[in-house]
Amino acid sequence: MKNPRHFLSLLDLEADEIRRLITRAGELKAMQARQEVYEPLKNRSLGMVFEKSSTRTRVSFEVGMTQLGGHAIFLSPGDTQLGRGEPIEDSARVLSRMVDVVMIRTFAHDRVRSFAEHSRVPVINGLSDLLHPCQLLADLQTYFEHRGDIAGKRVAWIGDGNNMCNSYVEAARQLDFCLDIACPPGYEPAAELLDSCGKYCRVMRDPLQAAKGADLVVTDVWASMGQEAEQAQRNAVFSAYQVNDALMAQASSDAIFMHCLPAHREEEVSASVIDGPQSLVWDEAENRLHSQKALLEFLLVG
Ligand code: CP
Ligand code: NVA
């Protein structure tokens, strides 16, 4: 493959391609529910490079490849030469001569970019410090499934302007919704993303203001992977940013709640909200499987 198509960011797809993936994810979900065998990726392999922990991403990609007739290989730093310092560029050159597609989860986004630059096969960003685009495919699928098109809707992001928030900023531009972000000073989403997608987003300090009239309320942990040492300090900074019943009361009466998981109950979200009737977090988690199957099919079959 000369110029493989990568998925490092939601901006790597056209808006209509994202919409087609969401529709296709729903079709694949229905086919799986009917136990229809569909194996377009027979004899194809996915290499999964994990430099951070994962439950959902690993299992959804591995099961997704199995269901599509292919195979997935889990590669962790503890067991690979990458973990012993083999350059990312060399790892990309070698792995991409053997597997058909690679998913990488790592720290610096530049590492994902370097891998993709040196890969002969499509590379999927399975989370970097900057972005988590696969999660957004699942979130969007979940919204469409329960409420229809998200265009013109109001989404409130409450808390840290982290990788998930950055991917929401990109999603707002691609799918034309309004994103109100409430975060403490110094915890805003990436400035370069706000520059390119900013007309769809507002950054504010007051979480209740951001939630007002929202159709979808989303949050994430206050300390992401790699920020464990900052946990106590972040708990103090974000204490006013919990998604709880008082905050949900500001949102539209049929608003839904999402969280990429793993969650910390009574920190960023109260148990009453995440385990309550407005929460779609389990559908959201399941949809990682279906939306990534649609993505793998798109990248490998077209
Ligand atoms: N939401 C998500 O990416 O979960 P994992 O870290 O378990 O993969
Ligand atoms: N922001 C979180 C997302 C985990 C799926 C993290 O990066 O740890």
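The values are calculated or read from the model by the stated rules, or taken from the named source; none is laboratory data. Keep in mind the model is a prediction, meaning the values are calculated, not measured. Cβ placement follows ideal geometry from the backbone for every residue including glycine, while neighbour counts extend to all protein chains displayed.
Considering the stretch 184-204, and only residues there that are closer than 14 Å to VAL155 by Cβ and of a type outside the set (A, V, I, L, M), the residue that is modelled with the lowest pLDDT turns out to be CYS197.
Looking at the stretch 226-274, which of the residues that are charged (D, E, K, R) and surrounded by fewer than 16 Cβ atoms within 10 Å (Cβ to Cβ) is farthest from ligand 2 (Cβ to nearest atom)? Per the stated criteria, the residue is ASP254.
When residues in the stretch 233-256 are screened for being outside any helix (DSSP H, G or I), closer than 16 Å to GLY161 by Cα and not polar (S, T, N, Q), 2 of them pass. Within the stretch 67-102, the residues that satisfy the criterion of being touching a Ser or Thr at 6+ places or on another chain (Cβ under 9 Å) and hydroxyl-bearing (Ser, Thr, Tyr) are THR80, SER91, SER96.
Residues that are assigned to a loop (DSSP other than H, G, I, E, B), under 24 Å from the mean Cα position of the chain (by Cα) and under 23 Å from GLU284 (Cβ atoms) within the stretch 32-52 comprise just one, LYS52. Reported count of residues in the stretch 257-301, each being part of a helix (DSSP H, G or I) and of a type in the set (A, V, I, L, M), is 11.
For the stretch 236-253, which residues satisfy the criterion of being touching a strand residue (DSSP E or B) at 6+ places or on another chain (Cβ under 9 Å) and without any contact (Cβ under 8 Å) to a residue 24 or more places away in the chain? Within the stretch 236-253, none qualify. If you go through the stretch 53-70 and keep only what is more than 13 Å from ligand 2 (Cβ to nearest atom) and not in a helix (DSSP H, G or I), you end up with LEU68, GLY69, GLY70. For the stretch 12-19, the criterion of a residue being free of Cβ contacts under 8 Å to residues at least 12 places away in the same chain and either touching a strand residue (DSSP E or B) at 6+ places or on another chain (Cβ under 7 Å) or under 17 Å from ASP139 (Cα atoms) (or both) is satisfied by at least one position.
Among residues that are over 24 Å from MET225 (Cα atoms) and modelled with pLDDT of 95 or more, GLY64 is included. The set of residues from the stretch 138-157 being in contact with a Phe, Trp or Tyr (Cβ under 9 Å, 6 or more places away or on another chain), buried (at least 24 other Cβ atoms within 10 Å of the Cβ) and of a type in the set (A, V, I, L, M, F, W, C) comprises VAL155, TRP157. When the stretch 1-31 is filtered for residues that are assigned to a helix (DSSP H, G or I) and among the acidic types (Asp, Glu), the ones remaining, listed by number, are ASP12, ASP16, GLU17, GLU27.
A single entry from ALA171, ALA138, ALA246 fulfils the requirement of being more than 16 Å from ligand 1 (Cβ to nearest atom) and at pLDDT 95 or above: ALA246. Would you please name the residue that is nearest to PRO87 (Cα to Cα), looking only at residues in the stretch 39-77 that are acidic (Asp, Glu) and within 16 Å of ligand 1 (Cβ to nearest atom)? For the stretch 39-77, the residue satisfying everything is GLU51. Taking the condition more than 16 Å from ligand 2 (Cβ to nearest atom) and on the phi < 0 side of the Ramachandran plot, does GLU14 pass? Here the answer is yes, as GLU14 does meet what is asked. Does the stretch 169-183 contain at least one residue that is more than 21 Å from ALA263 (Cβ to Cβ) and free of Cβ contacts under 8 Å to residues at least 24 places away in the same chain? No, the stretch 169-183 has no match at all. For the stretch 254-274, the set of residues classified as over 24 Å from GLN209 (Cβ atoms) and either touching a strand residue (DSSP E or B) at 6+ places or on another chain (Cβ under 8 Å) or of a type in the set (Gly, Ala, Ser) (or both) consists of ALA271 only.
Specify which of the listed residues (SER291, SER279) is more than 14 Å from ligand 1 (Cβ to nearest atom), of a type outside the set (Val, Ile, Thr) and within 18 Å of the chain's Cα centre (by Cα). None of the other options fit; the residue is SER279.
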